[in-house]
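Visitor: After the structure tokens below, expect a handful of questions from me.
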Amino acid sequence: MEGMKHVFGNWLHLGLLTLLLLLPGVSTTHAAEAITLRFSTLAPEGTGWMNTMHEVDQAVRKETQGRVGFLFYPGGQQGDEKEMLAKIEQRQLHAGAFSGNGLARIVPAQRVLDLPLVFETSEEVTAAQDGLFDHFSAEFEKKGYKLLAFVDLGFVYFFSQKPIRTLEDFRTLKLGVWEGDELAAETIKAFGISPRSIAVPDVLNGLRTGLIDSIYSNPYGAIAMQWHEYLKAVAGIKLVSPTGAIIVRKDIFDRIPPADQAKLQMILQEKVRRLAENMRTENLVALKQMKKMGISLTKPPADSDMKGVYETIRAMRFKLADTGRFYDKALLERMLGIVAEVRKKRKP
């Protein structure tokens, strides 16, 4: 457990767990003077996420000779994602790490990377993030933000207080869905589940009192948030691999000298990618830990039973594209094409 605490950074939005990422803000003076980025995050101190951000701060200060640094507000000190964005707009904060649900308040199309049952491997996730980075970087700039890095939050599974072996088992779940996450709610409904909206901080009490009996999360997040104490089973379905991101107000970023901008972004992307690799390992370790704790890993229902669900979800991707609520069809097909190309190269 102690080792795992040092690698966690959240989804957290799981959704996600969401679930567990937001970065601190920024304060500046003049371009020639030192710039301190006030940076807020939901991730608590002592987690892998915050350990990584402290490494970023040290490296950036060294490489820029103290011209650029960070001031961190971890553990949700500045509120949830909605509140953090409001404070960034008001210039009380200037940067943050957000889940897809939070990022959608700025660029809704970013949620194409959070679609369910698209990715089978972490390699596919990375390829999609890399392939669409420039596109989304331009979209965030139009809204006054600089996209510094994407954050891979790891595959999310269904966790419950009873085994999920059949489609009917899904339909009996009292499953908590992150408050305000429309995409997650649509996904959950495709399984025949009536989602129950809940804020991430309320999940533990919800499980304790029976308000909900199941959640979706990456394995490490379920342990780090202590949800595992009220869970008995995990269904072996890789539901989604959500993408978070680190963003900063563009007007603040533009006050950093160009050479220091490049150093900041290079260091951040390198450190965050290494964190993602560590998180993948820690999620596997977490699953093994859960098994030792008596939490069973159940096989997903047979493909024949799930055929209708999968078809509904595939149709949902294009239905959402047609509505224009998040992304358009061209962007969806571009992402699916990237994934298909990775699979093609993988096949012998």
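Computed from the coordinates by the stated procedures, all read-outs in this text should not be read as laboratory data. In this text, all values refer to a predicted model and were calculated from it rather than measured experimentally. Positions of Cβ are backbone-derived with ideal geometry, glycine not excepted, and every protein chain shown enters the neighbour counts.
Visitor: Please list 208-219, 284-295, 116-127 highest first by mean number of surrounding beta-carbon atoms within 10 Å per residue.
Guide: Numbers: 208-219: 22.9, 284-295: 15.2, 116-127: 19.2.
Going by the mean number of other Cβ atoms within 10 Å, highest first, we get 208-219, 116-127, 284-295.
Visitor: Can you run phi through the Karplus equation (6.51, -1.76, 1.60; θ = phi - 60°) for the stretch 313-324 and list ³J(HN,Hα) in whole Hz, with x for Gly and Pro?
Guide: 5, 4, 5, 4, 4, 7, 4, 5, 4, 5, 6, x
Visitor: How large is the helix-only mean residue ellipticity at 222 nm for the chain, computed as the sum of -39500 (n - 2.57) over DSSP H runs with n ≥ 4, divided by its residue count, in deg cm²/dmol to the nearest 500? Display every interim value, and only then the final one.
Guide: Working: 13 runs with 159 residues, N = 348.
So the helix-based figure for the chain works out to -14500 deg cm²/dmol.
Visitor: How many nm separate the modelled label positions at GLN269 and ARG346, each set 7 Å beyond the Cα in the direction of the Cβ?
Guide: So the two model labels end up 2.3 nm from each other.
Visitor: In percent, how large is the relative contact order of the stretch 117-235, given Cα pairs closer than 8 Å and 6 or more residues apart?
Guide: On the way: 147 pairs, mean separation 37.1, N = 119.
The normalised contact order for the stretch 117-235 reaches 31 percent.
Visitor: Where in the stretch 61-126 are there trypsin sites (Lys or Arg not before Pro) that are in a DSSP coil and have at most 15 other Cβ atoms within 10 angstrom of their Cβ?
Guide: Values: sites: ARG61, LYS62, ARG67, LYS82, LYS87, ARG91, ARG105, ARG111; in loops: ARG67, ARG91, ARG105.
Qualifying residues, ordered by number: ARG91, ARG105.
Visitor: Report the label-to-label distance for GLN77 and LYS299 in nanometres (one decimal), using points 7 Å from each Cα along the Cα→Cβ vector.
Guide: For GLN77 paired with LYS299, the spin-label model returns 5.0 nm.
Visitor: Taking 0.36 nm per intervening residue step and subtracting the Cα-Cα distance, what contour gain separates ARG208 from SER137 on full extension? Display every interim value, and only then the final one.
Guide: Numbers: separation 71, 0.36 × 71 = 25.56 nm, distance 4.13 nm.
21.4 nm is the gain from fully extending ARG208 to SER137.
Visitor: Still on this structure, please answer the following. Quick check: the distance between the Cα centres of the stretch 87-157 and the stretch 277-320, to the nearest angstrom?
Guide: Using only Cα atoms to place each centre, the spacing works out to 22 Å.
Visitor: Which far-off residues, 5 or more places away or on another chain, put their amide H under 5 Å from the one on PHE70, with H placed in the peptide plane?
Guide: Close amide H contacts, sequence-distant or interchain: LEU37.
Visitor: Output the pairs from LYS162/LYS299; LYS271/LYS345; LYS174/LYS307; LYS87/LYS146; LYS189/LYS307; LYS232/LYS299 with a Cα-Cα distance over 20 Å in this structure; if there are none, say none.
Guide: Over 20 Å apart, Cα to Cα: LYS271/LYS345; LYS174/LYS307.
Visitor: Could you go through the stretch 103-112 in sequence order and give the Karplus-derived ³J(HN,Hα) for each residue, using 6.51 cos²θ - 1.76 cosθ + 1.60 with θ = phi - 60°, rounded to whole Hz, and x for Gly and Pro?
Guide: The phi angles translate into 5, 5, 5, 9, 10, x, 5, 4, 5, 4 Hz.
Visitor: Once Rh for the chain is found with the Kirkwood sum over Cα pairs, what is the Stokes-Einstein diffusion coefficient at 25 °C and 0.890 mPa s, in µm²/s? Mind showing how you got there, number by number?
Guide: Numbers: Rh = 20.2 Å.
Stokes-Einstein gives a translational diffusion coefficient of 121 µm²/s.
Visitor: In whole Hz, what ³J(HN,Hα) sequence does the stretch 167-175 give by Karplus (6.51, -1.76, 1.60; θ = phi - 60°), x for Gly and Pro?
Guide: With the stated coefficients, the stretch 167-175 comes to 4, 5, 4, 4, 5, 9, 6, 9, 9 Hz.
Visitor: Label ASP322 and ARG105 with points 7 Å out from Cα along Cα→Cβ: what is the distance between them in nm?
Guide: With each label placed 7 Å out from Cα toward Cβ, I get 3.1 nm.
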